[in-house]
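The values are calculated or read from the model by the stated rules, or taken from the named source; none is laboratory data. Fair warning: this is a prediction, and the values are worked out from it, not measured in the lab. No Cβ is skipped: glycine too gets one built from the backbone with ideal geometry, and neighbour counts run over all protein chains shown.
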């Protein structure tokens, strides 16, 4: 059975959202007063080791395995022009044979990345894991409450500046934009699930490293009214992801803030989306 470390959060009122968001289409605003009940949340994102243990017991096949491909960041490939580029997704390539255990396609593996977050998983895969472990995804409100770590009105889990006292606090893109085709000067990608300092709640990598799927379907329309335990729409083609990833860069994507959110298709599988879990 998977061994997941949880922290109990007390719940309470907090201000959710932002009004100065750079990506208005994402629907971060308006700021609204929100209550969440107490809940337990995993200290880290679910790791490759955790998902491997699930697969070994259940023999589960992910959506990417069934489809036969997944999206890989083009700079991770020796010959990116050999692969199809999805429409309006210039940094991604559809790589046959890419899935959670071979994140860059055939010949790659996670043997030295077992303590990195699992990626190339769809919402269906996440829900299967949760069902097996008797846990669930966080709601978007729970996720943002957890990420803020009891810091009201701050951009990041540690404050308003991307660095704290000159120290890097999250795994986000450094240097020129990931859209650039210039050769990488250093290795980028996921890092350990407990890299960097935790927030005030003791949670690791709430921003950066990988986006995290939450349980809400996406809408960019929110009521400004006070709400208790809000949920997203019951139906929809997109699910919410939170927190940004190692590919976020100020030149085009400053979504590594606690209020940041984005929509992805229910069947989307990429090399920069993971998840963490909760229970009551």
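Only one residue in 21, 64, 45 is out of contact with any helix residue (DSSP H, G or I) (no Cβ under 6 Å at 6 or more places or on another chain) and more than 21 Å from residue 259 (Cβ to Cβ). Which one?
Just a single option satisfies the conditions, and that option is 64.
Here are some conditions: (1) surrounded by 14 or more Cβ atoms within 10 Å (Cβ to Cβ); (2) touching a helix residue (DSSP H, G or I) at 6+ places or on another chain (Cβ under 7 Å). Residue 248 meets all but one. Which one does it not meet?
Against the list (1) surrounded by 14 or more Cβ atoms within 10 Å (Cβ to Cβ); (2) touching a helix residue (DSSP H, G or I) at 6+ places or on another chain (Cβ under 7 Å), residue 248 comes up short only on (2).
How about the range 43-70: which of its residues are within 18 Å of residue 189 (Cβ to Cβ) and assigned to a loop (DSSP other than H, G, I, E, B)?
Within the range 43-70, 44, 45, 46 meet the criteria.
Quick test of your reading of the structure: residue 150 fulfils all but one of (1) surrounded by fewer than 24 Cβ atoms within 10 Å (Cβ to Cβ); (2) outside any loop (DSSP other than H, G, I, E, B); (3) out of contact with any helix residue (DSSP H, G or I) (no Cβ under 7 Å at 6 or more places or on another chain); (4) touching a residue at least 24 places away in the same chain (Cβ under 8 Å). Name the failing condition by number.
(2)
Scan the range 5-14 for residues that are more than 21 Å from the chain's Cα centre (by Cα) and surrounded by 14 or more Cβ atoms within 10 Å (Cβ to Cβ) and jot them down.
11, 14
Name every residue in the range 71-93 that is part of a strand (DSSP E or B) and within 20 Å of the chain's Cα centre (by Cα), in order of residue number. Working first, answer last.
Restricting attention to the range 71-93, the residues satisfying the condition of being part of a strand (DSSP E or B) are 71-73, 84, 92-93.
Matches in the range 71-93: 71, 72, 73, 92, 93.
Does residue 200 satisfy the condition of being at pLDDT 95 or above, part of a loop (DSSP other than H, G, I, E, B) and surrounded by fewer than 13 Cβ atoms within 10 Å (Cβ to Cβ)?
Working: at pLDDT 95 or above: yes; part of a loop (DSSP other than H, G, I, E, B): yes; surrounded by fewer than 13 Cβ atoms within 10 Å (Cβ to Cβ): yes.
Yes: the conditions hold for residue 200.
In this structure, is residue 46 under 17 Å from residue 273 (Cβ atoms), crowded, with 19+ Cβ neighbours inside 10 Å, modelled with pLDDT of 95 or more and touching a strand residue (DSSP E or B) at 6+ places or on another chain (Cβ under 7 Å)?
It is true that residue 46 is under 17 Å from residue 273 (Cβ atoms), crowded, with 19+ Cβ neighbours inside 10 Å, modelled with pLDDT of 95 or more and touching a strand residue (DSSP E or B) at 6+ places or on another chain (Cβ under 7 Å).
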